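The values are calculated or read from the model by the stated rules, or taken from the named source; none is laboratory data. Keep in mind that this is a model prediction, so the values were computed, not measured. Neighbour counts run over all protein chains shown; Cβ positions are idealised from the backbone, glycine included. When the accessible area is computed, the model is the full protein with side chains, heavy atoms only, and any ligands, DNA or RNA have been set aside. Shrake-Rupley method; radii C 1.70, N 1.55, O 1.52, S 1.80 Å.
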Amino acid sequence: MKRIGMLTSGGDCQALNAAMRGVVKTLVNSEEKVEIYGFIDGYKGLIYSNFQMLTGRDFSGILTKGGTILGTSRTPFKTIHEPDKNGVDKVEAMKQTYHKLQLDCLVILGGNGTHKTANLLREEGLNVVTLPKTIDNDLWGTDMTFGFQSAVNIATDAIDCIHTTAASHGRVFIVEVMGHKVGWLTLNAGMAGGADIILLPEIPYDIDKVVDKIEERDKNGSRFTIIAVAEGAISKEDAKLSKKEYRKKMEKYPYPSVSYEVAAKIQEKTGREVRVTVPGHMQRGGSPCPYDRVFASRLGAEAGRMILDGQYGFMVGYKNREVVRVPLEEVAGKLKMVSPDATIVQEAKLLGISFGD
Ligand code: F6P
């Protein structure tokens, strides 16, 4: 008999359900008897012992369903050691729930913050298996996270739609793509949507270089320009500020987001009409794309196999087209960022895409 606790934590994404289904199908198809405890709303469910007993049937018919049947929430790692408002020690409470239910392991689906807490629970002696979810694809130790390809599809669709109206009106259009710290989603959707300029958190931009590109396109007879801007894109000047100086500047920031700042500056420098589109949380919503359904199912199956083998303390990752087991201590606390020297960036530049650098 295996007693499995399962939770999804952090921002949701497509294919969370597909991944959980993959784990559970693998377990129920084995000789082993299983009990599944689904914790509600991420680590909160584990802290406050809020769970539902689930069976294989609960995971039937959810392959194509977006979101997470368990619900999710953010439990920031930086405050994990602080007691909650009622004085509850969160880490101790999670351990107590685990031991009280006599769990054999926890299956945790999440992104960066989630992995820090998962690794902490491993250090505290709990058996943990994790699965890499996030539309940002910024988890260290895996070439791909599920949710990413679905989000690329949605952000690309947004850019495609903007393309036709930008062309009709001869306007400069900015599409703001999710990703505060990393630019994988913006880079991929930008390239897929044929953006002329792509601004990423990892490659600080110079607004004059952005304007140069728009004017060069004008001279060459292109009446419009499409700019894909990551939520966390940053100017060269701002990138030079210390964290404290930057925080101070942001306290009086007059724009709803960086795209509006870029738009205002372009408008000021060129006198051209600029429009901003923010697809926002749409990028995390809806059904997983076929790639993510297959990918999340494969990772889920491997997580199921690890549980049957009694192999804990790993994230199921993907390296060089193979599903692999990555030690949690190697994953936790590291971000996989876009290197300005990455071949994909160089190739984008060869295609004529400007990064404003
Ligand atoms: O989960 C990742 C992510 O979607 C980022 O791309 C985005 O910056 C952030 O979450 C948004 O967070 P929230 O859903 O809390 O607004």
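Numbers for the structure displayed
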item	result
Computed Kirkwood radius, in angstrom, where 1/r is averaged over Cα pairs of region 6-143	15.2
Order of exposure, largest accessible area first, which applies to HIS115, HIS169 with probe 1.4 Å	HIS169, HIS115
Packing-based ranking, highest mean first, of 243-252, 87-96, 227-236, 214-223 given that Cβ atoms within 10 Å are counted	227-236, 87-96, 214-223, 243-252
Region 223-343: Cα Rg divided by the 2.2 N^0.38 Å rule of thumb	1.55
Peptides ranked, highest mean first, by Cβ atoms within 10 Å: ranges 263-272, 152-161	152-161, 263-272
Accessible surface of the chain [probe 1.4 Å, protein heavy atoms]: carbon and sulfur percent	49
Gain in span if fully extended, SER30 to LYS95, counting 0.36 nm per residue against the direct Cα distance	20.6 nm
Rounded to 5, the percent of DSSP beta bridges in the chain classed as antiparallel	25
Cα-based radius of gyration of the chain once divided by 2.2 N^0.38 Å, which approximates compact folds	1.08
Rg(Cα)/(2.2 N^0.38 Å) for region 106-217, N = residue count	1.37
Listed residue pairs exceeding 24 Å between alpha carbons, taken from LYS85/LYS243; LYS44/LYS133; LYS85/LYS249	LYS85/LYS243; LYS85/LYS249
Alpha carbon centroid spacing (whole Å) that separates region 3-50 from region 185-262	39
Region 95-165 versus region 317-357: alpha-carbon centroid distance in Å	17
By accessible area with a 1.4 Å probe, ligands and nucleic acids excluded, highest first: order of TYR37, TYR312	TYR312, TYR37
